[in-house]
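Everything below concerns the one structure shown next.
Every number in this text was worked out from the coordinates using simple rules, so none of it is lab data. This one's a predicted model, so the numbers in the text were calculated from it and none came from an experiment. For neighbour counting, all protein chains shown are included, and Cβ atoms are generated from backbone atoms with ideal geometry for every residue, glycine included.
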Amino acid sequence: MKTADPRSRPRVVQLRCDPAYGSHPRAAAACAALIPAQGDPARVRARQEFCTRQYDPVRATATGVWNRRPIRYTQTFVNPCMMRNETGPVFYF
């Protein structure tokens, strides 16, 4: 969700892993990133790309269950590029 725009609506997808499916457009890649992170988006190690310093804040939120353990994640990033750098394909939709 873009936080600087009051008209912004959250984009919501569903993701299930093992096997990867749901409404997430990159379900297999997102699951591949979450498996070594034990389902925690904060532990994902994504590839770094060059990002501009443009201020266009976005908030990423994930709630769910991973191996019977509840997951709650919320983080605000300076822009979408920085979000992808931190979370890889998990929030790339």
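Is it true that T61 is within 13 Å of the chain's Cα centre (by Cα), of a type in the set (S, T, Y), surrounded by 14 or more Cβ atoms within 10 Å (Cβ to Cβ) and not in a strand (DSSP E or B)? Spelling it out, it is not the case that T61 is within 13 Å of the chain's Cα centre (by Cα), of a type in the set (S, T, Y), surrounded by 14 or more Cβ atoms within 10 Å (Cβ to Cβ) and not in a strand (DSSP E or B). Just wondering, is there one or more residues in the range 9-20 that are of a type in the set (A, V, I, L, M) and not in a loop (DSSP other than H, G, I, E, B)? Yes: the range 9-20 contains one or more residues that are of a type in the set (A, V, I, L, M) and not in a loop (DSSP other than H, G, I, E, B).
Would you check if R9 is free of Cβ contacts under 8 Å to residues at least 24 places away in the same chain and not small (G, A, S)?
The answer is yes for R9.
Please count how many residues of the range 45-58 are surrounded by 12 or more Cβ atoms within 10 Å (Cβ to Cβ) and either over 17 Å from E86 (Cα atoms) or out of contact with any strand residue (DSSP E or B) (no Cβ under 9 Å at 6 or more places or on another chain) (or both).
Total satisfying the criteria: 2.
What residue, among those in the range 74-93 that are touching a helix residue (DSSP H, G or I) at 6+ places or on another chain (Cβ under 7 Å) and within 20 Å of A28 (Cα to Cα), is surrounded by the fewest Cβ atoms within 10 Å (Cβ to Cβ)? Residue satisfying both the conditions and the ranking: Y92. Residue count for the range 30-44 under the criterion of being closer than 20 Å to P80 by Cβ and not in a loop (DSSP other than H, G, I, E, B): the result is 5. So if I check each of A42, A29, which one is in contact (Cβ under 8 Å) with a residue 60 or more places away in the chain, surrounded by 11 or more Cβ atoms within 10 Å (Cβ to Cβ) and of a type in the set (A, V, I, L, M)? Going through A42, A29 in turn, just one is in contact (Cβ under 8 Å) with a residue 60 or more places away in the chain, surrounded by 11 or more Cβ atoms within 10 Å (Cβ to Cβ) and of a type in the set (A, V, I, L, M): A29.
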